[in-house]
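A short reminder: the numbers here are calculations on the coordinates, not readings from a lab. Source: prediction; values computed, not measured. Backbone-built Cβ (ideal geometry, glycine too); neighbour counts: all protein chains shown.
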Amino acid sequence: MSIDMTSAPAALLPPQLMRTEALLTMSGLSKTYGSVRALRNVDVTVYPGEVMGIVGESGSGKSTLLRMMNLEDTPDQGDYRLQLPGKDDDNLFALDRYQRRMLCAHHIGIVYQNPHQGLLMRHSSSGNVAERLLIAGERSFDVLRSKARDALDASEFPLARMDARPAELSGGMQQRVQLAKAIALEPALLLLDEPTTGLDVSVQALVLDTLKRLQRDRRITMVLVSHDLGVIRTMADRVLVMRHGEVVERGLADQVFQDPQHPYTQQLVHAKL
Amino acid sequence: MQTPETLPLLRVEGLTKTFRMFHLDSMLHAFEGISFDLRAGEFLLLKGRNGAGKSTLLRTLWRSYLPVGGHIWYQSKLGTIDLARAADVDIALLRRQEMGFVTQFLNARPRVAAQDIVAEPLRLAGQSQAEALDQARHWLGEFGVREELWRAYPSTFSGGEQQKVNLARALILPQRLLLLDEPTASLDVGARRALVRRLDDLKAAGVAIIGVFHHPGDVTDLIDREIDLATHPVSADNELTHVAV
């Protein structure tokens with residue numbers, strides 16, 4: 001077969017040559033709280049093994065979108081599908097509360113900006129991780145202890161302190177406990193909501209390095225929300241830029257930062273110190 | 001008509017790049033109508049004064065910049081794809097598996113050792129930690145990074161030492177298409193020689209290379225063709241169609 005590339009037919013130009021199947025597909029998401037439009041017709045696709053960064057100013061809808069991914073909230077309109085082995089490709093927003101809880105326990109992990117949101121401060125660090133495993137149905141004490149230990153170790157948490165309560169730990173250590181809890185069941189999707197905001201710069205670097213290593217070694221797919229463009233630039237493969245509940249730009253991270261196509265993104269990039 | 005076997009690895013047709021600067025309400029024209037072919041194992045040098053668009057052309061081929069016109073037909077292992085219009089996910093995959101881009105700057109993540117930064121492409125390609133580290137140390141040595149620095153963090157290195165780490169990382173995993181943006185800018189003579197040896201090996205192995213060089217004399221023996229973006233270029237073998245800047 002011969003190909004004349006100067007007049008190549010459309011069939012030779014697949015928009016996606018590799019036909020990679022998406023892990024996460026959200027389409028047509030809209031949400032209104034009272035008179036506030038939090039999300040407007042948002043589409044998101046995340047592919048296996050990548051880090052998708054979401055940037056935007058406060059109130060742009062990025063955290064609302066992340067809560068939807070974690071099934072903590074439902075939109076007024078829109079679909080959410082995850083490609084999981086052995087699971088039907090159903091709209092996850094149509095699941096009942098118990099089904100959602102089980103799906104999240106097994107397949108989705110989340111790290112919140114505020115550790116108080118993700119951790120039980122009066123339980124031990126290992127107990128926090130074990131709680132996640134208990135929800136997923138694990139009952140053997142030895143297995144719970146062993147898996148909690150492995151997850152804390154993978155999150156580079158000092159194991160000598162695994163029985164310390166999060167309230168006794170620094171902010172960086174608390175984030176590691178959250179991370180261990182999130183990855184304990186090797187989730188298909190890890191959601192990170194401003195995971196380094198409020199941490200000292202040196203601690204921030206340590207947490208980002210741990211995340212990068214987890215992504216490299218375990219190929220965990222991540223969605224990272226941050227208002228810190230440096231964090232997104234360091235971590236993300238692709239980026240969504242949100243404003244007023246809409247996605248105004250999406251692209252490869254280096255392209256969005258070096259050649260932004262939307263006036264708001266240009267403003268955002270130029271404003272970075 | 002050409003068969004897939006005789007097609008060039010890369011065919012650039014009428015490539016045009018303009019930057020739109022919203023805050024100034026103006027357009028900046030970088031280049032227009034660039035066309036050329038590049039075959040496996042060929043080395044193409046981009047020439048031109050500062051600001052002529054050499055680095056912009058490289059970044060457009062890499063898709064850090066979005067072209068406003070033209071095509072970048074690339075013969076990937078899976079088929080022909082227009083890099084100018086390909087989906088982001090495909091570009092990301094090709095960057096991991098087939099294409100490399102070397103700049104003069106290392107994007108060093110904090111608290112990651114030089115040897116781990118260099119080994120990372122091999123780890124992502126599925127090699128074991130031990131194998132990847134062995135290779136990383138070999139290439140750090142080749143480019144003249146002292147052994148006591150291999151486990152140190154490059155963010156504290158001098159510009160020249162950072163560039164050696166950058167090159168070791170960028171060239172550790174052979175790609176099909178390699179883009180080089182002034183890779184010798186801050187290198188000492190020894191490292192420049194090591195780079196030329198590595199490029200010679202890659203070229204002989206069939207890697208197609210497009211480069212901008214601060215010291216083009218270093219790579220004279222490797223160059224097959226040149227494009228001068230500052231003038232109206234004609235290739236040595238008349239294979240280039242035209243470049244209008």
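What order do you get for A:S27, A:S170, A:S58, A:S125 when you list them from fewest to most C-beta neighbours inside 10 Å? Display every interim value, and only then the final one.
Details: A:S27 15, A:S170 12, A:S58 7, A:S125 28.
Fewest-to-most ranking of A:S27, A:S170, A:S58, A:S125: A:S58, A:S170, A:S27, A:S125.
With the simple model of a label 7 Å out from the Cα in the direction of the Cβ, A:I135 to A:E57 spans 3.4 nm.
GNM remark for chain B: springs join alpha carbons under 10 Å apart, and the peak mean-square fluctuation among B:E148, B:E161, B:E13 falls on B:E148. Here's how it looks for B:G69: its modeled amide H is under 5 Å from those of B:T16, which are all 5 or more places away or on a different chain.
Taking the DSSP beta bridges in the protein assembly as shown as the whole, what percent of them are antiparallel, to the nearest 5? List each step's numbers first, then the result.
Values: 38 of 71 bridges.
Close to 55 percent.
In chain A, the DSSP beta bridges split such that about 50 percent are antiparallel, to the nearest 5. Quick one: net charge of A:Q204's neighbours, Cβ under 12 Å, K/R +1, D/E -1? That sum, taken over residues with Cβ under 12 Å, equals -2. Per the Debye formula on identical point scatterers at the alpha carbon atoms of the protein assembly as shown, with no solvent, log10 I(q)/I(0) at q = 0.06, 0.07, 0.08 Å⁻¹ is -0.32, -0.43, -0.57. Build a GNM of chain B with springs between Cα atoms under 10 Å apart, and of B:G126, B:G41, B:G160 the one that fluctuates most is B:G126.
Just want the ordering: A:F157, B:F22, from fewest to most Cβ atoms lying within 10 Å of their own Cβ. List each step's numbers first, then the result.
On the way: A:F157 26, B:F22 15.
Placing the least packed residue first, the sequence is B:F22, A:F157.
Take every Cα pair under 8 Å whose residues are at least 6 apart in sequence, average their separation, divide by the length of chain B, and the relative contact order is 27 percent. The H on the amide N of A:V111, modeled in the peptide plane, is under 5 Å from the matching H of A:L191, A:L192, A:D193, each at least 5 residues off or on a different chain.
Please give me, ordered by residue number, the trypsin sites (Lys or Arg not before Pro) of the stretch B:44-104 that lie in loop per DSSP and have at most 15 other Cβ atoms within 10 Å.
Numbers: sites: B:K47, B:R49, B:K54, B:R59, B:R63, B:K77, B:R85, B:R95, B:R96; in loops: B:R49, B:R63, B:K77, B:R85.
Those that pass, being in a loop and sparsely packed, are B:R49, B:K77, B:R85.
Near the amide H of B:A113, within less than 5 Å, lie no amide hydrogens of residues on another chain or at least 5 residues away, with H placed in the peptide plane.
For the stretch A:150-193, what relative contact order do you get, as a whole percent, if you take Cα pairs closer than 8 Å and at least 6 residues apart? Walk me through the numbers before you get to the answer.
Working: 28 pairs, mean separation 19.8, N = 44.
Averaging sequence separation for qualifying contacts and normalising by length gives 45 percent for the stretch A:150-193.
The modelled label-to-label distance between A:D163 and A:M102, using points 7 Å beyond Cα along the C-beta direction, is 3.5 nm.
By definition, a body whose alpha carbon gyration tensor gives a ≥ b ≥ c is prolate when a/c is 1.5 or more and a/b is larger than b/c, and chain A fits this prolate description. Residue by residue along B:54-66, Cβ atoms of other protein chains within 10 Å of the local Cβ number 3 on average.
The shape of the stretch B:23-85 comes out oblate: with a ≥ b ≥ c from the C-alpha gyration tensor, a/c is at least 1.5 while a/b does not beat b/c. The number of Lys pairs in chain A with C-alpha atoms less than 20 Å apart, excluding pairs fewer than 8 positions apart on the same chain, is 4.
Comparing B:L24, B:L140, B:L180 in a Gaussian network model of chain B (Cα springs below 10 Å), the most mobile by mean-square fluctuation is B:L24. The residue among A:L84, A:L191, A:N114 whose Cα reaches farthest toward the positive pole of the charge dipole of the stretch A:37-271, with charges on the beta-carbon of Lys, Arg, Asp and Glu, is A:N114.
Across the stretch A:32-44, rounded Karplus estimates of 3J(HN,Hα) from the backbone phi angles (6.51 cos²θ - 1.76 cosθ + 1.60, θ = phi - 60°) give 10, 10, x, 9, 9, 7, 7, 9, 10, 6, 8, 10, 9 Hz, Gly and Pro being marked x. The mean sequence separation of alpha-carbon pairs under 8 Å and at least six residues apart, normalised by the residue count of chain A, gives a relative contact order of 24 percent. With K and R counted +1 and D and E -1, the other residues having a Cβ less than 11 Å from that of A:M242 yield a net charge of +1. Between 0 and 90 degrees, the angle of helix B:88-97 with respect to the longest Cα principal axis of chain B falls at about 50 degrees.
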